[in-house]
1. If I ask for residues that are closer than 12 Å to F246 by Cβ and assigned to a strand (DSSP E or B), which ones from the range 290-337 would you list?
2. Hey, can you tell me all the residues within the range 230-258 that are under 52 Å from the mean Cα position of the chain (by Cα), buried (at least 20 other Cβ atoms within 10 Å of the Cβ) and outside any loop (DSSP other than H, G, I, E, B)?
3. Counting only residues that are open to solvent by 80 Å² or more (accessible area, probe 1.4 Å) and within 29 Å of F357 (Cβ to Cβ), which one in the range 402-436 is nearest to the chain's Cα centre (by Cα)?
4. Across the range 311-370, what is the number of residues that are aromatic (F, W, Y) and more than 19 Å from Y383 (Cα to Cα)?
5. Among the residues of the range 146-182, which ones are modelled with pLDDT under 80 and touching a strand residue (DSSP E or B) at 6+ places or on another chain (Cβ under 9 Å)?
6. From the residues in the range 259-273 that are among the charged types (D, E, K, R) and closer than 30 Å to E298 by Cβ, which one is surrounded by the fewest Cβ atoms within 10 Å (Cβ to Cβ)?
Amino acid sequence: MTPLAVFRATFLLALLPLRTCQSKVSSEPLLLSPGSLRVATDPVGQYLQVQWGVQGPTDREVRATFQIEISRVKPSNVIWVEDYSAVVQGSQVLNWTWGSELPLECAAHFARVRSKVDDAKLRFWSSWSSWYKAEVPNSPNSPGPDSLLVFPKNKLVEEGSNITICYISGSHQNNVSCYLEGVRIHGEQLGPNVSAFTLHNVSFVRDTGSNLFCQVPHPSIIGGIVLFVSKVLEEPKDFSCDTRDFKTLTCTWDPGRDTDLPKYPAQRYALFESFSGEKKLCEHKDRCTWQIAPGSQETYNFTLMAENHLRKRNVSILFDLAHRVHPKTPFNVFIKNASAIDATLTWQVDPIKNYSFLCQVELHGEGKGLQQHNVSTEDRGQYFFGDLAPATEYAARVRCAAANRFWKWSEWTGRNFSTREAAPSKAPDIWRSVKSVLGSCNVTLFWKPLPKSHAHGKILFYNVATENLDTPPSSKLFSVPAPASGTALTFDRCSHRIRVTANNSVGVSPASVVVVSGDLANEEVEEERIQGTEDGFSLSWKPPSGDVTGYVVDWCDHPRDFRCDLQWKHLGPSTTRMVISSDAFRPGVQYYFRIYGISTEKMAHLLEKKTGYTRELAPAASPQVAVSNLTSQSFALSWEGYPTGSQPGFIRGYYVYLRPKVGRCPPGFEKAALPDGSECCRHDINNPEQKTFVVEHLQPESSHEFLVAPYTSAGEGPHGGFTKVTTPDEHSHVLLRIILPMVFFLVLITVLCYLKSQWMKETCYPDIPDPYKSSVLTLLKPKSPSTAIMDVRACIPDAIEVVNKPEGSKVQSSDARRPLTETEYTNKADYIYLLPGPFICFENLTYNQAAPDSGPRDGLAGPHSAPQGQLPTSPGLVPNPPEQKYMNFSGETALSYVSQVASPTSGDKDSLPTNALEPAPHSEYRKQMAGPLGLASPSPEEDSCLPATTRLDGGEPCS
């Protein structure tokens with residue numbers, strides 16, 4: 001053996017004991033005991049913070065596992081067990097956090113820890129540490145009997161999460177009831193004074209929180225909390241970053257629903273760039289800016305971090321800065337050289353070094369896009385718009401993007417403009433209505449406003465030119481201001497050509513021509529009924545035999561109005577069918593359509609007339625029915641028709657309802673049921689032109705009730721009240737034929753007898769004239785203006801006749817002018833005459849009241865001659881009159897009424913004056929005389945004194 005080998009063997013033998021000793025030391029178990037256990041609480045977050053130290057060998061790092069137990073209410077009630085692994089070395093303090101579902105204030109919580117070393121050979125737990133009770137600051141240990149506490153206070157949770165609520169009460173548990181937003185909730189009892197309940201999937205109610213309260217009714221104790229529920233923080237969407245000038249990066253995103261509450265405004269965002277390691281808090285919730293350092297990196301990796309009190313979210317993007325160029329909005333946008341049909345758009349863009357732009361141009365008109373074009377340009381661009389409409393408003397806009405590396409369009413910017421006006425390009429659509437009245441022709445001319453696409457501007461007026469086609473030819477031109485849509489014309493003859501043009505500020509439209517024919521005889525055609533639908537009316541017609549250049553269909557949208565709103569449509573010569581529809585069509589309204597053919601001379605000829613309803617309705621009213629020809633076995637009904645178009649449908653006929661007292665229906669009637677369920681007899685008149693009907697085969701002296709109701713295809717008209725009629729006796733007409741002539745002759749005889757009696761009375765027994773109501777009074781002027789009846793004292797009579805009827809014979813004085821004694825006056829004087837002259841004497845012999853022993857005074861045939869002298873006086877009659885005054889009519893000849901002295905028993909006693917002349921008894925009616933007054937005035941030389949007996953005015957007698 002060599003010396004080297006011996007040395008190796010000796011060295012190995014020396015190390016062998018040392019290795020054996022080391023193996024013994026390593027094989028001994030390594031124990032770690034947790035110590036210095038502490039438990040802190042966070043009532044707001046409902047966390048237990050468990051803290052402990054490690055006791056054992058600390059010369060090297062070892063991996064150990066610690067087991068933590070959490071118990072509630074009492075140490076033996078373990079509710080949570082969890083293992084916690086950590087690498088420990090030396091004197092190290094470890095921390096572990098546990099969140100509690102139950103508020104920490106509602107129950108006591110305990111914690112303990114044990115550990116073991118993660119060794120593959122030996123694994124066993126150390127002893128448990130002592131239980132440590134967690135103390136909650138300001139937690140009530142023993143609430144009073146009048147207290148009710150609810151926990152947790154001001155709790156913030158996410159929408160859709162679960163939360164446990166508890167309350168501590170000093171009263172009996174059965175008396176406490178709890179409510180969340182007015183809805184009662186139920187829980188479980190945890191202890192003598194503690195109960196808890198769990199709310200599942202809580203919902204957001206309002207920003208200020210949801211109200212939860214508990215109450216004890218007796219005595220009234222209330223406790224509660226506000227539960228704050230926030231929206232769930234969402235992950236940011238559409239996160240992107242770009243630059244407009246290579247100086248600043250702008251990052252934008254969609255934050256989603258806002259989770260901030262007024263009490264918890266904690267939603268915030270931050271940008272982190274991983275290549276540079278820089279971080280920046282964002283001032284806004286939807287965007288953030290990042291400054292680009294000159295000559296810095298070209299690639300960026302951004303992480304957007306969003307967080308609030310309950311959750312964190314983040315999203316990242318990686319991009320090359322050269323591919324994220326977003327140009328600014330174009331500026332200096334203008335419209336140049338705008339005409340009636342074209343315009344040019346110009347704009348500018350902020351330049352970017354080494355970049356060109358692709359710009360997009362759009363043209364909008366009348367609310368829709370008309371043109372779109374892409375234009376490559378540098379910092380200045382323009383585009384020419386053609387094929388524009390005159391007098392039209394347009395909107396042009398432009399946006400740009402980087403042409404080299406397209407990323408995003410800039411915002412739109414634009415300009416509104418209007419093209420200029422041009423002359424109208426289409427003739428007005430015209431039509432006419434012609435009426436011939438008494439040899440003249442009334443034409444109403446209509447036209448439709450030109451559409452904007454053909455008006456090319458505002459229409460100012462319409463020119464109407466009329467040309468007489470008869471000899472001698474003549475023409476007229478006049479203007480109608482816009483916006484009129486028609487005018488009325490009157491011609492002596494109907495043969496005229498009418499031209500209408502529309503005018504704006506630039507020019508005149510082409511002319512529309514219509515010819516009015518003087519021959520209207522062929523305008524009368526038969527009207528055809530058609531059936532319309534809700535969609536309108538389908539019209540068809542036969543083409544005429546002659547050549548036509550087209551057709552015109554006209555109608556009224558409102559036929560029941562005075563101004564029917566005439567409508568018309570022009571059709572081509574090959575069209576013989578069309579559908580007329582209008583929003584103005586209504587059910588129950590009759591519409592009339594006229595179809596005209598237009599000849600090569602522009603003359604319209606009526607071809608067909610049609611009428612109908614879009615939908616017929618039942619009649620609106622029943623006719624007024626009259627009864628005639630009433631006999632014992634029949635009666636006739638008659639009624640008037642309806643005006644044209646007044647009913648909501650075509651009258652197809654009439655139903656005659658009869659309700660007889662007996663159960664049988666007359667011939668021609670059938671049983672029918674009324675809407676009220678009663679039965680009656682009905683007869684159908686299916687001819688709408690028939691307006692009379694005779695009800696026959698009736699019984700005499702029988703009562704019947706009838707009703708006439710029209711009907712259309714939609715149903716019957718309204719059933720008003722029945723009218724009652726009673727048939728007479730069958731012999732009554734014979735009696736009428738006898739009684740009526742008898743009554744006629746009786747009335748005729750009565751009238752003849754009455755007329756005969758009136759004639760006899762006027763002939764033999766006329767009425768006595770009243771002297772005081774004679775017309776002679778109108779010729780005298782009384783002394784008093786208020787005197788209505790002549791007073792004898794107010795005038796001088798022409799003659800006075802006094803008739804006395806003494807028992808002896810009458811004696812007449814032969815000398816009327818000689819003074820008489822009182823005896824002579826009393827016994828002899830029958831007549832007294834004044835101022836003799838020619839008189840007219842008339843006598844009424846009817847009322848002669850002479851005594852039976854005296855004969856009639858037939859001998860008095862003319863005027864009496866009175867002797868000259870004074871009249872006899874009679875004291876006591878009247879006082880002495882003053883000087884006699886006579887009435888004179890200035891030589892005019894007149895007849896003066898000479899009145900008899902009326903008997904007190906005749907005439908109107910009340911109208912006699914109180915001092916009238918009292919006649920002697922047995923006076924009789926005598927002759928009445930009248931004479932010229934002008935002859936009755938005596939000469940001034942004669943003695944004008946009269947005796948007192950003749951002073952009728954009450955004056956003094958002459959001396």
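The values are calculated or read from the model by the stated rules, or taken from the named source; none is laboratory data. What you are looking at is a predicted structure, and each value in this text was computed from that prediction instead of being measured. Every residue, glycine among them, receives a Cβ derived from its backbone with ideal geometry; neighbour counts consider all protein chains shown. For accessibility, only protein heavy atoms count, side chains too; no ligands or nucleic acids. Shrake-Rupley method; radii C 1.70, N 1.55, O 1.52, S 1.80 Å.
1. Across the range 290-337, the qualifying residues are Q291, V325.
2. S230, W253 - these are the residues of the range 230-258 that are under 52 Å from the mean Cα position of the chain (by Cα), buried (at least 20 other Cβ atoms within 10 Å of the Cβ) and outside any loop (DSSP other than H, G, I, E, B).
3. Here the residue is N416.
4. Residues meeting the conditions: 2.
5. D146, G170, S171, H172, Q173, N175
6. R268
To keep it simple, each residue is scored yes or no on (1) open to solvent by 40 Å² or more (accessible area, probe 1.4 Å); (2) charged (D, E, K, R).
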position	(1), (2)
H570	yes, no
P573	yes, no
V579	yes, no
E601	yes, yes
L607	yes, no
T611	no, no
L617	yes, no
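Every residue, every condition in (1) on the phi > 0 side of the Ramachandran plot; (2) open to solvent by 20 Å² or more (accessible area, probe 1.4 Å); (3) touching a helix residue (DSSP H, G or I) at 6+ places or on another chain (Cβ under 9 Å); (4) of a type in the set (V, I, T), yes or no:
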position: S91; (1), (2), (3), (4): no, yes, no, no
position: T97; (1), (2), (3), (4): no, yes, no, yes
position: P103; (1), (2), (3), (4): no, no, no, no
position: S115; (1), (2), (3), (4): no, no, no, no
